[in-house]
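A short worksheet on the structure shown next.
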Amino acid sequence: SHTLQEKHKILHKLLQNGNT
Amino acid sequence: SSPNSSGSDLKSLAKRVNNAYLKNLNMTKKKARNILTGKTNSSPPFVIHDMDSLWQAENGLVWNQVINGAPPNKEIGVHVFYRCQCTTVETVRELTEFSKSIPGFVDLFLNDQVTLLKYGVHEAIFAMLPSLMNKDGLLVANGRGFVTREFLRSLRKPFSEIMEPKFEFAVKFNALELDDSDLALFVAAIILCGDRPGLMNVHQVEEIQDNILQALNQHLQLNHPDASFIFPKLLQKLADLRQLVTENAQLVQKIKKTESETSLHPLLQEIYRDMY
């Protein structure tokens with residue numbers, strides 16, 4: 001859960017912030 | 001399982017997924033096929049078939065941006081490995097945006113969205129790669145270049161082993177003659193896969209995938225009325241893709257271990273860590 005997102009910071013960021 | 005959706009619901013789902021695909025995936029099969037068959041007004045792709053042509057391509061003919069600020073300064077196999085990584089990372093970005101447009105995806109737990117992308121993007125990439133390939137090579141740099149299969153085979157091991165299995169898959173996959181509208185639904189079905197390790201809400205994912213698969217089945221019947229068993233054939237490809245990804249992950253591990261000169265992009269490190 002939290003740790004999965006922690007371990008996948010870039011994927012997480014892409015999902016939340018979009019294509020920048 | 002979810003109740004059967006009506007034909008018109010499935011049609012509108014297919015349309016939405018198709019539009020999302022065309023909007024977010026830069027290199028469509030249509031575009032690629034036009035380039036590969038010379039049915040375009042722009043100049044034909046520059047063929048990269050040896051060190052010299054690769055060097056010319058890197059000097060502005062094909063790629064306008066060089067990696068690590070210089071043309072091939074490393075060993076050629078390492079350089080090609082980096083090029084593969086750049087393309088993969090860019091496609092992961094595109095696939096993330098595509099996934100967010102698939103109805104239901106953004107309603108999933110963020111945790112599950114991460115999991116689906118972690119396990120799905122490579123299968124999706126290897127399903128889309130055949131669009132850019134024929135038996136002799138593959139389009140690169142948005143269709144400005146064409147790298148020959150023979151050149152990739154001529155690299156030293158293990159770099160020569162990166163692309164060859166993808167060509168073997170592509171030749172068989174291309175025989176199905178899918179178009180972008182079929183591929184859009186197929187790639188969506190790959191991403192929304194309910195058996196990825198660590199999913200929190202499997203049922204929610206399965207429900208979305210079930211709808212996508214129904215839409216795909218209906219769409220294939222309309223789009224390929226004479227192709228028998230195309231839907232089950234395509235479902236079988238899901239297993240082949242998983243195998244391809246497993247082998248690819250093993251090869252990347254091997255390269256990481258034995259080739260101290262190489263490095264892996266941080267996004268790909270995330271994806272490969274604890275994968276299979």
Self-check item: Rounded to 10°, Cα long-axis angle of helix B:180-191 versus longest principal axis of chain B
Solution: 80 degrees
Quiz item: In nanometres, what is the gap between the two model label sites at B:Asn142 and B:Glu75, each 7 Å from Cα along Cα-to-Cβ?
Solution: 3.3 nm
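Find the Cα radius of gyration of the range B:124-263, compare it with 2.2 N^0.38 Å by division, and give the number to two decimals.
On the way: Rg = 17.1 Å, N = 140, 2.2 N^0.38 = 14.4 Å.
Taking the Cα Rg and dividing by 2.2 N^0.38 Å, one obtains 1.19.
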Quiz item: Which value results when the Cα radius of gyration for the protein assembly as shown is divided by 2.2 N^0.38 Å?
Solution: 1.00
Quiz item: Using the 10 angstrom Cβ neighbour count as an exposure proxy, how do B:Met133, B:Met51 rank, fewest first?
Solution: B:Met51, B:Met133
Quiz item: Can you list the aspartates and glutamates whose alpha carbon is less than 14 Å from that of B:Lys23, not counting same-chain residues fewer than 8 positions off?
Solution: B:Glu94, B:Glu97, B:Asp180
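With a cap of 14 neighbouring Cβ atoms within 10 Å, and only residues DSSP puts in a loop, list the trypsin sites (Lys or Arg not before Pro) found in the range B:112-158. If you can, show how the numbers build up before the last one.
Working: sites: B:Lys118, B:Lys135, B:Arg144, B:Arg149, B:Arg153, B:Arg156; in loops: B:Lys135, B:Arg144, B:Arg156.
Passing sites in the range B:112-158 are B:Lys135, B:Arg156.
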Quiz item: What does the average come to when, for each residue of peptide B:96-105, you count the partner chain Cβ atoms lying within 10 Å of its Cβ?
Solution: 2
Exercise. With θ set to phi - 60°, apply the Karplus curve 6.51 cos²θ - 1.76 cosθ + 1.60 along the range B:46-56 and write out the HN-Hα couplings as whole Hz, x wherever there is a Gly or Pro.
Key: 6, 8, 9, 10, 7, 4, 5, 5, 5, 4, 5
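Taking the Cα centre of the protein assembly as shown as the origin, how large is its charge dipole in debye, to the nearest 20, when only Lys and Arg (+1) and Asp and Glu (-1) carry charge on their Cβ atoms?
Working: 33 positive and 32 negative charges, 78 e Å.
Dipole about the Cα centre, nearest 20: 380 debye.
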Self-check item: ³J(HN,Hα) computed for each position of the range B:246-253 - Karplus, 6.51 cos²θ - 1.76 cosθ + 1.60, integer Hz, glycine/proline x
Solution: 4, 5, 5, 4, 5, 5, 4, 4
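Rounded to the nearest 0.05, what FRET efficiency is calculated for B:Lys257 and B:Lys233 with R0 set to 35 Å and r the Cβ-Cβ distance? Working shown, then result.
Details: r = 37 Å, r/R0 = 1.05.
That gives a FRET efficiency of 0.45.
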Quiz prompt | Total lysine pairs under 23 Å (Cα atoms) in the range B:158-260, excluding pairs fewer than 8 apart on one chain | solution = 7
Quiz item: What would the Debye formula give as log10 I(q)/I(0) at q = 0.14 Å⁻¹ for the alpha-carbon point model of chain B, no solvent?
Solution: -1.03
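For chain B, what's the relative contact order in percent, using C-alpha pairs closer than 8 Å and at least 6 residues apart? Mind dumping the intermediate values first?
On the way: 300 pairs, mean separation 76.2, N = 276.
Value for chain B: 28 percent.
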Practice problem: Kindly write out, for the range B:123-134 in residue order, the coupling ³J(HN,Hα) from the Karplus curve 6.51 cos²θ - 1.76 cosθ + 1.60 (θ = phi - 60°), rounded to whole Hz, with x marking Gly and Pro. | Solution: 4, 5, 4, 6, 7, 8, 4, x, 4, 9, 10, 10
Exercise. Could you work out the mean projected area of the convex hull around the alpha carbons of the range B:222-266, in square nanometres to one decimal?
Key: 5.0 nm²
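May I ask for the equivalent-ellipsoid semi-axes of the range B:56-184, computed as the square root of five times each C-alpha gyration tensor eigenvalue and listed largest first in whole Å? Walk me through the numbers before you get to the answer.
Working: eigenvalues 157, 72, 39 Å².
Gyration-tensor ellipsoid for the range B:56-184: 28, 19, 14 Å.
Helix-derived [θ] at 222 nm for the protein assembly as shown: sum -39500 (n - 2.57) over DSSP H runs of at least 4, divide by residue count, nearest 500?
Details: 13 runs with 178 residues, N = 296.
Computed mean residue ellipticity for the protein assembly as shown: -19500 deg cm²/dmol.
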Self-check item: For B:Gly137, residues with placed amide H under 5 Å, excluding near neighbours
Solution: B:Arg149
Quiz prompt | Residues whose placed amide H lies under 5 Å from that of B:Phe146, excluding near-sequence neighbours | solution = B:Phe46, B:Val47, B:Ile48, B:Val140
Quiz item: Per residue of A:3-14, how many C-beta atoms from partner chains lie within 10 Å of its own C-beta, taken as a mean?
Solution: 6
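Read-outs: derived from the displayed coordinates by stated rules, not from any lab. These numbers were taken from a predicted model, which means no experiment stands behind them. With ideal geometry, Cβ positions are generated from the backbone for all residues, glycine too; neighbour counts draw on all protein chains shown.
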